[in-house]
1. Take 138, 153, 179 and order them by how many other Cβ atoms sit within 10 Å, fewest up front.
2. Using Cα springs under 10 Å in a Gaussian network model of the chain, which residue among 60, 27, 172 shows the largest mean-square fluctuation?
3. Going 7 Å from the Cα of residue 80 toward and past its Cβ, which residues in region 121-158 have a backbone nitrogen under 19 Å from where you end up?
4. Against the longest principal axis of the chain, how steep is helix 86-99, in degrees 0 to 90 to the nearest 10, with axes from Cα atoms?
5. Highest GNM mean-square fluctuation, the chain, Cα pairs closer than 10 Å: which of 114, 64, 80?
6. How much length would be gained if the chain were fully extended between residue 110 and residue 61, taking 0.36 nm per residue of separation minus their Cα-Cα distance, in nm to one decimal?
7. Hey, can you rank 30-37, 13-20 by average C-beta count inside 10 Å, highest first?
8. Once you have the Cα-Cα distance between residue 195 and residue 23, take 0.36 nm times their residue separation minus that, and quote the gain in nm to one decimal.
């Protein structure tokens, strides 16, 4: 059997954006965002269309968008090609998802955290060989966090992940391996069965 690549838009949305696969998305997000801690008890997969509030603002389409049981929003994008200004698009989608939470007259206390999880099939950060990078707002010199971590960006760079099947230790390792190697598999290895 040959598996379709989860890096393609159709497969990615089918695997992670379908309500019947909610448990798969919970496992995936728990592994990549929370180091497999059981923080996500439930989530709601919502329309990934990220419209502009007015006719003059740019619309954008996300691959998957979910609201976690604590009210946090997660926007997920799988990007195969290194296109110009992609890093700006990630920030645009993150801040737009954050800003679009409020309606006229609603207080800022209603704002919930937004996490942008971006998986790339190319290297984005030459400064590190780590395959997972997480960005939050911090004070420039003293490096303390801004009050609440309302906005986070997490990047998974697939080309930097070099572990072999027998070297996989964590659930995040297994998910990243699956994302990278699924088209090369003929059967699902027993070590990947839990995901």
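No lab work stands behind these numbers, since they all come straight from the coordinates. Only a predicted model underlies this, so the values are computations on that prediction, with no experimental measurement involved. Note: ideal-geometry Cβ built from the backbone for every residue, glycine included; neighbour counts use all protein chains shown.
1. In order of increasing Cβ crowding within 10 Å: 138, 153, 179.
2. Judging by the Gaussian network model, the answer is 60.
3. Those under the cut-off are 121-124, 156-158.
4. The angle comes out near 50 degrees.
5. The residue with the greatest mean-square fluctuation here is 80.
6. 15.3 nm
7. Details: 30-37: 16.5, 13-20: 15.0.
The densest-packed peptide leads the list: 30-37, 13-20.
8. Numbers: separation 172, 0.36 × 172 = 61.92 nm, distance 0.96 nm.
Fully extending the segment from residue 195 to residue 23 adds 61.0 nm.
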